[in-house]
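Colleague: I have a structure I would like to understand better, so I am pasting it below and will then ask my questions one at a time.
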Amino acid sequence: MKTMTRMMMVTAIAAAPVAAMAQDSSDPIIIPIHNWSSQIVMSNLLGQVYEEMGLNVEYVTTDSQAVYESVRLGDVTLELEVWEGAFGASYRAALAKGGLVDAGAHDVETREDWWYPMWTKDACPGLPSWEALNECADLFKTAESGDKGMYLDGPVDWLKHGQERVAALGMDFVVVNAGSAAALWAHIGQAEADKKPIVVFNWSPNFAEAVWPGEFVEFPEWEAGCDTDPTKGPNKEALYDCGNPKGGYLRKVANYEMTSKWPSAYCVLSNMTFNNAQVSEMAKLVDTDELEPEEAAEEYLAANRDLIQPWVDACTG
Ligand code: TMO
C-alpha cells in the first residue's frame, strides 16, 4: 500500500515534464559517432540528456566528412563537433546545398595541425617554423619513410591533406596515416622513453596537452580559400600550402527539420556550449582515465549537472 502511494506520486510528478515535451517527436534522434574521444563522449552526453527528457536516441558510427551530407539529408539528426580545420570544407559544402541549420558555436578556439612533443625541439632548435622542421627532416626518418622524415597524420577520414601540403611546400617528408587516434597516442608514448624526435597530427582542445607538453609547427598562415584557390598561400600554383586555421571554430549543426520535429531537443543542442577545458576533460576521461565513452558521459553529466541542467530547463520549463 505504502509502495503504491509512492509510485502514484512519482507518476504524478513525472507527468509535468512529459506533458511539456509532448511536442517533440518520439522518432529516434540519430546522433553520429566519430573516431576521436571528445566527440564520442559529448555525443553520449547529449544522448543521455535527451533520454532523461523522455526522447528516443540512436547512435550511428559514421564517416566524419560524409556526415555533413547525412545531416543535410536528415539521415542523421545533428553533429555537435564541427572542427573548422578538419571539417570546414565539408560543412561549408553541405551548408551551401541547403538542409543544415547552424546550431551555434562552442566557446572554444580550436587548432589542428602538425605537432611535436617538446623533446623534439631539443634536437631541432629552429622549431616551431616549418622551414626549420624541413631542415631537420633527417631526424624524423623511420623504416616506413626511407630517406625522408616521417609525419604521422590522422586517420584518412579527417582529410588533413598532409600529402598535398608536403608537395606544395616541397618538404622532405613522407606522410603516413594513423589507423586511429589511439595510434597517434601510442606513437607519442613510444617516442617518449628515448626522447626520439617525432612530428604527428594533434589538436587542441585535447587531453594530450596535459600529458605531453608540445607545440604546433608554424606553417604559412591560413588564408580563406587556401584549400580551393591555388593563388592563396605562398605557392601560387598549389592548394593546401597553408597551416590550418588558428583559433578555429567548433560548431554544432542540425538537420533543418529538427527545429520543428524535436523543438525542445534542438533548443538543448543550441544551448549546449562547452569551453576548451571542458572538451579536454571529456577526452581525458576516455584517453587517460580509460572509461568507456558511455561511462565517461555519465560521469561528466553527474559532475557537471549544475552546468548542464539549466540548458535543459530553459527548453522544457
Ligand atoms: C577533428 N579532430 C579533432 C580529430 O581534429
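The values are calculated or read from the model by the stated rules, or taken from the named source; none is laboratory data. Note that the structure is predicted; figures quoted are calculated from it, not measured. Cβ: placed from backbone, ideal geometry, glycine included. Neighbour counts: every protein chain shown. Heads up: the accessible areas ignore ligands, DNA and RNA and are worked out on the full protein's heavy atoms, side chains in. Shrake-Rupley method; radii C 1.70, N 1.55, O 1.52, S 1.80 Å.
Colleague: Considering the stretch 128-178 alone, what residues qualify as being at pLDDT 95 or above, of a type in the set (Lys, Arg) and within 16 Å of the ligand (Cβ to nearest atom)?
Modeller: The one that is at pLDDT 95 or above, of a type in the set (Lys, Arg) and within 16 Å of the ligand (Cβ to nearest atom): Arg165.
Colleague: Could you look through the stretch 179-202, keep only residues that are over 17 Å from Trp130 (Cα atoms) and open to solvent by less than 20 Å² (accessible area, probe 1.4 Å), and pick out the one that is nearest to the ligand (Cβ to nearest atom)? If you could, list the steps in order and put the result at the bottom.
Modeller: Looking only at the stretch 179-202, we keep the residues that are over 17 Å from Trp130 (Cα atoms), and these are 179-196.
Cutting the leftovers down to open to solvent by less than 20 Å² (accessible area, probe 1.4 Å) gives us 181, 184, 188, 191.
Numbers: Ala181: 7, Leu184: 9, Ile188: 15, Ala191: 20 Å.
Looking at residues that are over 17 Å from Trp130 (Cα atoms) and open to solvent by less than 20 Å² (accessible area, probe 1.4 Å), I get Ala181.
Colleague: Separate question: Tell me yes or no: at least one residue of the stretch 109-116 is of a type outside the set (Asp, Glu) and more than 16 Å from the ligand (Cβ to nearest atom).
Modeller: yes
Colleague: Output the helices (runs of 4 or more DSSP H) that fall wholly within the stretch 246-287 and possess 3 or more residues being in contact with a Phe, Trp or Tyr (Cβ under 8 Å, 6 or more places away or on another chain) and in the same structural domain as Ser90 (by TED's automatic domain parsing), or say none.
Modeller: Numbers: elements: 258-261, 263-271, 276-287.
Answer list for the stretch 246-287: 263-271, 276-287.
Colleague: Here is a further query. Just to be sure before I move on: is Arg92 surrounded by fewer than 18 Cβ atoms within 10 Å (Cβ to Cβ) and assigned to a helix (DSSP H, G or I) in the structure I sent? So that I can check it myself, show each step before the final result.
Modeller: Numbers: surrounded by fewer than 18 Cβ atoms within 10 Å (Cβ to Cβ): yes; assigned to a helix (DSSP H, G or I): yes.
So Arg92 passes the test.
Colleague: May I ask you to list the residues in the stretch 18-54 that are open to solvent by 30 Å² or more (accessible area, probe 1.4 Å), over 23 Å from Asn202 (Cβ atoms) and β-branched (Val, Ile, Thr)?
Modeller: Those that are open to solvent by 30 Å² or more (accessible area, probe 1.4 Å), over 23 Å from Asn202 (Cβ atoms) and β-branched (Val, Ile, Thr): Val18, Ile30.
Colleague: Out of the residues in the stretch 203-219 that are of a type in the set (Gly, Ala, Ser) and within 14 Å of Trp114 (Cβ to Cβ), which is nearest to the ligand (Cβ to nearest atom)? Step through it out loud before you land on a result.
Modeller: The first filter runs over the stretch 203-219 and keeps only residues of a type in the set (Gly, Ala, Ser), leaving 204, 208, 210, 214.
Still in the running and within 14 Å of Trp114 (Cβ to Cβ): 204, 208, 214.
Working: Ser204: 9, Ala208: 11, Gly214: 15 Å.
It comes out as Ser204.
Colleague: Of the numbered conditions (1) modelled with pLDDT of 95 or more; (2) farther than 30 Å from Ala168 by Cα; (3) surrounded by fewer than 19 Cβ atoms within 10 Å (Cβ to Cβ); (4) not aliphatic (A, V, I, L, M), Gly317 satisfies every one except a single condition; which is it?
Modeller: Answer for Gly317: the failing condition is (1).
Colleague: Do you know which residues across the stretch 214-266 are more than 19 Å from the chain's Cα centre (by Cα) and of a type in the set (Gly, Ala, Ser)?
Modeller: Matches in the stretch 214-266: Gly214, Ala224, Gly225, Gly233, Ala238, Ser260, Ser264, Ala265.
Colleague: Kindly indicate the residue of the stretch 242-291 that is surrounded by fewer than 16 Cβ atoms within 10 Å (Cβ to Cβ) and among the small types (Gly, Ala, Ser) and also nearest to Lys97 (Cα to Cα) among those meeting that condition.
Modeller: Ser260
Colleague: Residues that are over 23 Å from Asn35 (Cα atoms) and touching a residue at least 60 places away in the same chain (Cβ under 8 Å): which strands (runs of 3 or more DSSP E) entirely in the stretch 146-228 hold 3 or more of them? Before the answer, list the steps.
Modeller: Working: elements: 149-153, 173-177, 200-204, 214-216.
In the stretch 146-228, no matching strands (runs of 3 or more DSSP E) lie anywhere.
Colleague: Could I ask something else about it? If you go through the stretch 100-123, how many residues are buried (at least 17 other Cβ atoms within 10 Å of the Cβ), outside any helix (DSSP H, G or I) and more than 15 Å from the chain's Cα centre (by Cα)?
Modeller: Adding up the residues that qualify gives 7.
Colleague: Which one of these is of a type in the set (Asp, Glu), open to solvent by 50 Å² or more (accessible area, probe 1.4 Å) and modelled with pLDDT of 95 or more: Glu223, Glu237, Glu209?
Modeller: Working: Glu223 fails: modelled with pLDDT of 95 or more; Glu209 fails: modelled with pLDDT of 95 or more.
That would be Glu237, the only listed residue that is of a type in the set (Asp, Glu), open to solvent by 50 Å² or more (accessible area, probe 1.4 Å) and modelled with pLDDT of 95 or more.
Colleague: If you don't mind, another one. Please tell me if Ser129 is among the small types (Gly, Ala, Ser) and in the same structural domain as Trp158 (by TED's automatic domain parsing). Steps first, please.
Modeller: Working: among the small types (Gly, Ala, Ser): yes; in the same structural domain as Trp158 (by TED's automatic domain parsing): yes.
Yes: the conditions hold for Ser129.
Colleague: Also, I was wondering about something else. Identify all residues within the stretch 55-89 that are within 12 Å of the ligand (Cβ to nearest atom) and open to solvent by 30 Å² or more (accessible area, probe 1.4 Å); write none if there are none.
Modeller: Start the filter on the stretch 55-89 by keeping residues that are within 12 Å of the ligand (Cβ to nearest atom), which leaves 64-65, 67, 79, 81-88.
The one that is within 12 Å of the ligand (Cβ to nearest atom) and open to solvent by 30 Å² or more (accessible area, probe 1.4 Å): Glu84.
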